[in-house]
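The values are calculated or read from the model by the stated rules, or taken from the named source; none is laboratory data. From a predicted model like this one, the values you see are computed outputs, not experimental measurements. All Cβ positions, even for glycine, are placed from backbone atoms using ideal geometry, and neighbour counts span all protein chains on display. Calculation scope for accessible area: heavy atoms of the full protein, side chains included, ligands and nucleic acids excluded. Shrake-Rupley method; radii C 1.70, N 1.55, O 1.52, S 1.80 Å.
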Amino acid sequence: MQNDIVVKARGIKKKYSDNNALNGLDLDLHQGQILGLIGPNGAGKSTFLHAVLGLLKSEGSLEVMGLEPFKNRHQLLKKVCSITDVAVLPKWMTVEQMLEYVEGVHPEFDPEKARSILSKTNIKNTSKIRTLSRGMIVQLHLAIIMAIDAELLVLDEPTLGLDLVYRKEFYSRLIEDYFDGNKTILISTHQVEEIEGVLTDVVFLDKGQAVMNESIDSLNQRFLELRPNADNNEKAKSLNPINIRTELGRAVFLYENIDIEKLSSLGEVRPPFIADLFVAIMNRSDQSGEQS
Amino acid sequence: MKVLFTLVKRELQEHKVGLIYAPFIVAMILSLVIVLVYFGVTDIKTNDFNFSTSIYENGEAVEWMRAATVEQKMTVIRSGLVVLGFPVAFVMIFAVLSYSLGTFFEERKDKSIIFWRSLPISDLETVLSKVFVVVFVAPLIILPALIFLHMVALLSASIFFAVSDIVPFTWIWNAYSITDWFRIIFSLWMQLLWSLPILAWLMLAGAYSRKPIVAAVLPLVGIIAIERVVLGSGVFFATAIERMQPWSLMSSFPKQYEELRVVEIADIPLLLATQEFWYGMLISVLLISAIVYIRSRSEYSSVE
């Protein structure tokens, strides 16, 4: 497993004036993983992705496919693709000019594949990018990315500002047309619920550190959520839940490392949604921070 | 080469109005004026103002041309054609100055720098491609406009001189050497290399500042003022002005020729032998290195 490591981060730090954007982050990303970076605003998600792309210099040890990204950005970007902001495609270009440009500078870009993907959309090759809607610009960007035979794809809030239809389409195309099991994807987003079914692994970030780093399979085994029957709330409480929330007037209990047999007699049991788990972990993290 | 070609093509697509269209528009306007001048299509005459485009109806000028030696006639025509090309070259220089100030500013303003930097092109390659465009490509682009303009001028002059019985129709075409076009371009290349410190300075201002015009002008004014107050001299100001002038006017350049003439390739070694040229190159390299450094650490800088 160690030989297929794509990103290896140890003690990554980045400081902006008085703010520690990254505060000793450790992270491993292996080939074939789709890892979601999840965290509140200011947790350091974008900063870390920019460091991975060699767009900023950080402290600590960071290797992307065996290369130090900031020093080898040029070389690295032949193997790494990114969508870091949907609004960054140059507006003065036409779609065809854009395809010709990427073909001229990227050795792994297949323009015919991009044209084929675009032919299934409403985007015309003669259109100027400034005339495209935000959703169409994302489609164009994704078509370019999908036509590049890259080993690592970095997505930083790729669907920010898009409506629900485009967001759904973005992720379905990403998985159906791009992800083939050999590629690796590192993705950050606020809209956790939309990528939940896509991820193989998650890292919860808070204050520049990883507060949780696990595979989805492991999370589903480690955490369980119980919606107890009406008269079982007290029994549920006695089993030391790590979080209790209310959903449509009904208590929902979250447990860590508990035998499913203990819960199944008390009500409905299922693995938690990542968004709910994230909130619970963050609350626990805040509480432990306050106590210390 | 493929990458350089792609980068240059991209620049020309983005700046086609200034670098491609504008010199052509000026050449078209001048061509129209030439036709009007030679054939006297329009005259403007009022009580206070009298502008006649039919200047060759001036008997004195026509008689002078009739009496002139072949060599004199050739000199007049060649000089006239070179002067005719000046407005086209001026538009190109203006476009180059505007491009230099804006190119690194605009990509930060519209955030497209994030996309450009997501592709496997180093900052050094990007910066050098832009320098290549302002120094070598921009002058080359005006060549078709110049050729068109000179063709219109030569054809008009040929017809007029033949009709006026000054010289035969075919003779005038021998007055202008095809190599003159390339001499003009070569001279512009050397001019832009001579002025490169100014261009690189403008690029640097655009690369780091939110207000590039202020960032370009203010430090220069400050240095000039400090030198004037502290040292009582004006060397920096004189040097800056010299860089904006034709290189053949620099104080240390050998003054071999006084008359207006087509630039000779033979002058280039004289320019390369001056210390000033190489000081300029050194300063340019330092400024360009600073641009590469700033761009490589732009960390999603924005000028919003």
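When you check A:LEU53 against the structure, is it within 14 Å of A:LEU205 (Cβ to Cβ) and under 18 Å from the mean Cα position of the chain (by Cα), yes or no? Spelling it out, it is not the case that A:LEU53 is within 14 Å of A:LEU205 (Cβ to Cβ) and under 18 Å from the mean Cα position of the chain (by Cα).
Filtering A:ARG130, A:ARG134, A:ARG115 for residues that are within 11 Å of another protein chain (Cβ to nearest Cβ), more than 17 Å from the chain's Cα centre (by Cα) and open to solvent by 30 Å² or more (accessible area, probe 1.4 Å) leaves a single hit, A:ARG130. No other residue among A:GLY66, A:GLY39 is away from chain B (no Cβ under 14 Å), of a type outside the set (Asp, Glu) and free of Cβ contacts under 8 Å to residues at least 40 places away in the same chain apart from A:GLY66. Within the span defined as the stretch B:144-166, every residue fails to be in a helix (DSSP H, G or I), within 14 Å of another protein chain (Cβ to nearest Cβ) and either closer than 20 Å to A:TYR101 by Cα or open to solvent by 10 Å² or more (accessible area, probe 1.4 Å) (or both).
Residues in the stretch B:6-29 that are within 14 Å of chain A (Cβ to nearest Cβ), farther than 17 Å from B:GLY102 by Cβ and open to solvent by 30 Å² or more (accessible area, probe 1.4 Å): B:LYS9 only. Is at least one residue of the stretch A:96-107 part of a loop (DSSP other than H, G, I, E, B) and facing chain B (nearest Cβ under 10 Å)? Yes: one or more hits.
Checking B:LEU101 against (1) hydrophobic (A, V, I, L, M, F, W, C); (2) out of contact with any Gly (no Cβ under 6 Å at 6 or more places or on another chain); (3) more than 30 Å from A:MET146 (Cα to Cα); (4) open to solvent by 30 Å² or more (accessible area, probe 1.4 Å), which single condition isn't satisfied? Going through the list (1) hydrophobic (A, V, I, L, M, F, W, C); (2) out of contact with any Gly (no Cβ under 6 Å at 6 or more places or on another chain); (3) more than 30 Å from A:MET146 (Cα to Cα); (4) open to solvent by 30 Å² or more (accessible area, probe 1.4 Å), B:LEU101 breaks only (2).
Applying a threshold of 8 Å to beta carbon distances and a minimum spacing of six or more residues, or different chains, the list of pairs starting in the stretch B:273-297 at a residue that is within 14 Å of another protein chain (Cβ to nearest Cβ) and of a type in the set (D, E, K, R) and ending at one that is crowded, with 16+ Cβ neighbours inside 10 Å and part of a helix (DSSP H, G or I) reads B:ARG295/B:PHE104; B:ARG295/B:ILE113; B:ARG295/B:ASP123; B:ARG295/B:THR126; B:ARG295/B:VAL127; B:ARG295/B:ALA207.
Of the candidates A:LYS79, A:LYS45, the single residue that is crowded, with 19+ Cβ neighbours inside 10 Å, among the basic types (Lys, Arg) and in contact with a strand residue (DSSP E or B) (Cβ under 7 Å, 6 or more places away or on another chain) is A:LYS45. When every residue of the stretch A:254-262 is checked against the conditions, none turns out to be of a type in the set (Val, Ile, Thr), crowded, with 20+ Cβ neighbours inside 10 Å and more than 25 Å from the chain's Cα centre (by Cα). With respect to being away from chain A (no Cβ under 14 Å), open to solvent by 50 Å² or more (accessible area, probe 1.4 Å) and among the acidic types (Asp, Glu), B:GLU71 fits the description. Of the residues making up the stretch A:1-42, those that are open to solvent by 70 Å² or more (accessible area, probe 1.4 Å), in a strand (DSSP E or B) and closer than 20 Å to A:ASP201 by Cα are A:LYS8, A:ARG10, A:ASP26.
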